[in-house]
Amino acid sequence: MANELVALREFIADNIGYDGEIDPDVDLLENGILDSFNVVEVAMFVQQQFGIELQGEDVTRENFAKLSTMISLIRMRRADG
């Protein structure tokens, strides 16, 4: 989880502009760290950074609200292959 977590935190800091510490289980949408446009940006980053292909049904609030759920999705798609 460490590598994915660092990469996601750095992307959010560098591209979204949030410079605070982000707990993996905090809801990024409820706390105003991400909005719906940012979710698309993060989804594109995830595909490129981790070499996975996301399906339309992957890009949901449930999967992208928290860093921990993003990491679970990344690992699931890597396992799928």
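Quick note: the coordinates plus some simple rules give every number you see, no bench work behind them. Computed from a predicted structure; not experimentally measured. In this analysis, Cβ positions are derived from the backbone assuming ideal geometry, glycine residues included, and neighbour counts consider all displayed protein chains.
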For the chain, longest principal axis from Cα atoms; helix 36-50 axis from its Cα atoms; angle between them, nearest 10 degrees, is 50 degrees
Order 2-13, 52-63 from most to least packed using the mean count of other Cβ atoms within 10 Å.
2-13, 52-63
Which angle between 0 and 90 degrees, to the nearest 10, do you get for helix 2-11 versus the longest principal axis of the chain when only C-alpha atoms count?
60 degrees
For segment 38-80, what relative contact order do you get, as a whole percent, if you take Cα pairs closer than 8 Å and at least 6 residues apart?
37 percent
Counting only backbone N atoms under 12 Å from a point 7 Å out along Cα-to-Cβ of residue 2, the residues of segment 41-81 in range are none
Residue 80 versus residue 19: modelled label distance in nm, points set 7 Å from Cα along the beta carbon direction
3.8 nm
Divide by every residue of the chain the summed helix terms, -39500 (n - 2.57) for each DSSP H run of at least 4, and state the resulting mean residue ellipticity at 222 nm, rounded to the nearest 500 deg cm²/dmol.
-16000 deg cm²/dmol
As I understand it, the dipole of the chain uses +1 on the Cβ of Lys and Arg and -1 on the Cβ of Asp and Glu, about the Cα centre. Which of 28, 55, 79 lies farthest toward its positive end?
79
Length-normalised contact order of the chain, Cα under 8 Å, at least 6 apart, in percent, tallies to 35 percent
